[in-house]
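First the structure, in the form of structure tokens, and then the observations on it.
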Amino acid sequence: VKAKYLKDYKKPAYAIESVDLLFELFEEETFVTNTMQIKKTDASVNDLTLDAVNLELLELSLNDLKLQESRYIIEEEKLTVLNVPDAFEIKIKNKIYPQDNTELEGLYKSGDIFCTQNEPEGFRSITPFLDRPDIMSLFTTTILADKKKYPVLLSNGNKIKCHEDFKERHGVTWHDPHPKPSYLFALVAGNLGSISDEFTTIQGNKVALNIYCDLGNEQKCHHAMHSLKASMKWDEEKYGRAYDLDIYNIVAVDSFNMGAMENKGLNIFNSAYVLADTDTATDANFMGIESVIAHEYFHNWTGNRITCRDWFQLTLKEGLTVFRDQCFSADMNSAQVQRIEDVKALRERQFVEDASPTRHPIQPESYISMNNFYTATVYEKGAEVIRMVYTLLGEKNYRQAMDLYFETFDGQAVTTDDFLWAMHECGDFDLELFKRWYKQSGTPRLHVKESFENGTYSILLTQKIPDDVDGKKQKPCYYPLKMGLLDRDGSEILAKTLIISKESETFVFENLKEKPVLSINRDFSVPIIVEYGEAQFAFLMKYDTNSFTQYEATQNFALRTISEIIESSAINDDFVDAYGHLLDLDVDLSYKALLLELPSVSAVMQLQKEIDFDAIYDAQDKLLLHIAQKYKEKLLDIYKQNHLPASASLEAKYIAKRAIKNRALKILSILKNDEVAELAQKQYEESLTMTDRIVALDVLENLHVSYAEVALQDFYNRYKDETLVMNKYFAILASSSRYDVLERVEKLQRDKVYDEKVPNLVRSLVGSFARNHKHFHAKDGSGYKFLADKIIEIDKINPQIASGLCGAFKVCDKMNKHNQDLIKKELSRVISTQGLSKNSFEIIDKILK
Ligand code: HT7
Ligand code: ZN
């Protein structure tokens, strides 16, 4: 297995100016004819080596002359044409088998729909090509297929011709006027339903909008369409970026490795991020759709018009586009809730990754399988890095810098340095120091030491930078640290952004009457862990004017309380009192629902030197039980006040009411009494939304009451034909606290709804079990053995999904010796499996090292 290195980047020796593709789709095989106009950009080279995976070559000609076998070489993953002229046309015809493609990369079938996924390196399994993002070409695509089975034939760009002159078959030709890399090529063929709309750009161009889905699901596409139009408007208003084709197509498919793909003018989506109605999708699902639709749309400028020079630059488009979609969602919904949700997600996934043997900088230096680098680090930490640029520059300068970036690099494949150059042109920050964020791994820590004397308050801030994964020392970081000082009455004395650049630095605030209370890393302006000396969590929970740090104080105080329970069993009454105060707060109810949420298992685990899941669960339960007992009446009031009148409305007010009511129900469920069971049963039976129904079902399942079986059966019967809802059913059962969860998961794999070839279902059942820490990390090793077996099995079907599952073992070196040994035994078994993919190999190898 060979690694690729950023330092080895070389400019391509050829330009592929245009690509003409002909796809002849059949049930048993597909013929691809690829005609390229190629020019040498480096006169010193003689041969042309194209990327080609599993190539079954049928014809090869150069400038219309068929090439003899002596003129080319087919090796593993390469086709080399010897001695080519300076400018030439090459025509290649080959055969592929999309119906047998279970990896879901290249051209494959999702049910009866032909579709493609080419990022990062799928195109080479469709046809030989210089399959790298700095090769940007003009694409023209003709698709020929059976008329009845595939009435809808789509590709990138504009439809320029229909071919109706055959009996049972038909065809369409598409032309994309924008040069693009091969990873943005897309094709779809199927018998699809659709909804259509229109958007008029700021320049007055009319854009036809279509969303395609399985027949019968059309009514579930309206929220996605609404989100698309909102995204188009937002990008014009906030970034001055308008859409650049006459048509924008989105297609929803069930079998998809990730969330969605931004192919030029033809986005292909995991149906989970398109289809929604209140009966089948939760409020969180609706929000997820809004953000993924926006994300893919925003890629049109940050990713497609300006793309990456090589895959080491992935965060150039992903970090930036995640930052853009986060800002969009903040503008569409509650900004304070959005920020907390984004930080929560970052800490749940990225912080864990950043503390593991698979940690890497947002711009990695090497990879074995690029598919393994679509990570929380590249995406979410990458977005935090862009957010810091935004904070350093301020809104106005950031917009200027983005304009400069678009003007300078439109139509090019560029690097993160190019991006930072544009930012630096319009802002005042230390570029070289800031670049460390791109090259260093691990989560930086900041230790805070306060002192107060004669009206002068100082904070000594000391950076602690973790070593790189290979033990290499790393350097202090440069960042904007938002902070505030409050007086003892809770009024704000000052709010400021400090620039942190040194390993250790003291900041002084003079002329203060009394020692102030420090509120630090407001809005989470930097993705670090703050180590507090003597933070005033209870005070900040009450008075902090910054909603993020108020939330943060609650989390930190709760984390400290849980740690103390683990150590000594004692519950800190000050925390419980402060929590009681939160229950009375008159704030936005969605925000309040977040304030009342106690830290997750993952958050507590990140504090432990040696993870002890049993102790974490016990301490969490103990604290929750205490809170539920002490505040039972208040919680019941919150539940009742917000439960009725029943409504399925998606207005913010009703979403918030559902959020707070369901938070109260979940907290109360720890009481495990009849009263709560009755509330949950009633909520399940009377629910008008999936949000309410699924929470009630989850609560019932974890109450272990007999009605749970009735509700689960009812749920199954209602939704067995709705695959997206069945994902929720599998996830609830695999995440259950029941002792026999593994047995049930094993049984569920044989359910007729379950299909190991569909990534969403694997993630819901197997993936959810792997996050069910108590059972996955069982002392008898049964959880590990189950997952290892699954990885071996799924790796043969879909390596990308298998390597994703390997991630559950990332905590290995933080487990006790007994569990570590069990994990290592299982992983050694997996890694020595004959024919294991490079995807799974790369992850397991890092964990075992
Ligand atoms: N740019 C896309 C990344 C991607 C992907 C998407 C779907 C299936 C497989 C994939 N491999 C890489 C997704 C995005 O960030 O928008
Ligand atoms: Zn993206």
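The values are calculated or read from the model by the stated rules, or taken from the named source; none is laboratory data. Note that the structure is predicted; figures quoted are calculated from it, not measured. Reconstructed Cβ throughout: ideal geometry from the backbone, glycine too, with neighbour counts over all protein chains shown.
A few remarks follow.
- Failed item in (1) within 12 Å of ligand 2 (Cβ to nearest atom); (2) under 16 Å from the mean Cα position of the chain (by Cα); (3) not basic (Lys, Arg), with Asn285 passing the rest: (1)
- Residue in the stretch 83-116 that is farthest from ligand 2 (Cβ to nearest atom), counting only those that are over 22 Å from Ser137 (Cβ atoms) and among the small types (Gly, Ala, Ser): Gly111
- The set of residues in the stretch 80-105 that are away from ligand 1 (no atom under 16 Å from the Cβ) and not in a strand (DSSP E or B) comprises Leu82, Asn83, Val84, Pro85, Asp86, Tyr97, Gln99, Asp100.
- None of Tyr374, Tyr398 is surrounded by fewer than 21 Cβ atoms within 10 Å (Cβ to Cβ) and within 16 Å of ligand 2 (Cβ to nearest atom) except Tyr374.
- For the stretch 70-108, a tally of residues being touching a residue at least 24 places away in the same chain (Cβ under 8 Å), within 22 Å of Leu153 (Cα to Cα) and of a type in the set (D, E, K, R) returns 3.
- Criterion violated by Pro364 - all others in (1) free of Cβ contacts under 8 Å to residues at least 24 places away in the same chain; (2) of a type outside the set (A, V, I, L, M); (3) within 16 Å of ligand 1 (Cβ to nearest atom) satisfied: (1)
- Only residues that are assigned to a strand (DSSP E or B), touching a helix residue (DSSP H, G or I) at 6+ places or on another chain (Cβ under 7 Å) and within 19 Å of Asn118 (Cα to Cα) were counted in the stretch 145-200, giving 0.
- Taking the criterion of being of a type in the set (A, V, I, L, M), within 13 Å of ligand 2 (Cβ to nearest atom) and within 23 Å of Leu6 (Cα to Cα), the residues of the stretch 293-321 that qualify are Leu314, Leu316, Leu320.
- Hits in the stretch 311-336 (condition: more than 15 Å from ligand 1 (Cβ to nearest atom) and either under 23 Å from Gly411 (Cβ atoms) or without any contact (Cβ under 8 Å) to a residue 12 or more places away in the chain (or both)): Ala330, Ala335
- Residue in the stretch 246-254 that is in contact with a Gly (Cβ under 7 Å, 6 or more places away or on another chain), within 30 Å of Ala696 (Cα to Cα) and more than 16 Å from ligand 2 (Cβ to nearest atom) present: yes
- Within the stretch 181-196, the set of residues being in contact (Cβ under 8 Å) with a residue 60 or more places away in the chain and either surrounded by fewer than 18 Cβ atoms within 10 Å (Cβ to Cβ) or touching a strand residue (DSSP E or B) at 6+ places or on another chain (Cβ under 7 Å) (or both) comprises Pro181, Ser182, Phe185, Ala186, Leu187, Val188, Ala189, Gly190, Asn191, Leu192.
- Search result, residues across the stretch 257-272 that are under 15 Å from the mean Cα position of the chain (by Cα) and near ligand 1 (Cβ under 10 Å from one of its atoms): Asn257, Met258, Gly259, Ala260, Met261, Glu262, Phe269, Asn270
- Every test in (1) charged (D, E, K, R); (2) away from ligand 2 (no atom under 16 Å from the Cβ); (3) buried (at least 23 other Cβ atoms within 10 Å of the Cβ) is passed by Arg132 save one, and that test is (3).
- Any hit, the stretch 227-234, residues being among the hydrophobic types (A, V, I, L, M, F, W, C), within 22 Å of Tyr150 (Cβ to Cβ), within 16 Å of ligand 2 (Cβ to nearest atom) and in contact with a Leu (Cβ under 9 Å, 6 or more places away or on another chain): no
- Selection status of Ile655, crowded, with 21+ Cβ neighbours inside 10 Å, modelled with pLDDT of 95 or more and under 30 Å from Glu567 (Cα atoms): no
- Residues that are farther than 20 Å from Ser194 by Cα and without any contact (Cβ under 8 Å) to a residue 40 or more places away in the chain, drawn from the stretch 227-256: Lys233, Glu236, Glu237
- Hits in the stretch 322-371 - residues which are in contact with a strand residue (DSSP E or B) (Cβ under 7 Å, 6 or more places away or on another chain) and of a type in the set (D, E, K, R): Arg324, Glu365
- Test result for Glu290, away from ligand 2 (no atom under 12 Å from the Cβ), at pLDDT 95 or above and surrounded by 21 or more Cβ atoms within 10 Å (Cβ to Cβ): yes
- Flag if Thr140 is in contact with a His (Cβ under 8 Å, 6 or more places away or on another chain), touching a residue at least 60 places away in the same chain (Cβ under 8 Å) and not in a loop (DSSP other than H, G, I, E, B): yes
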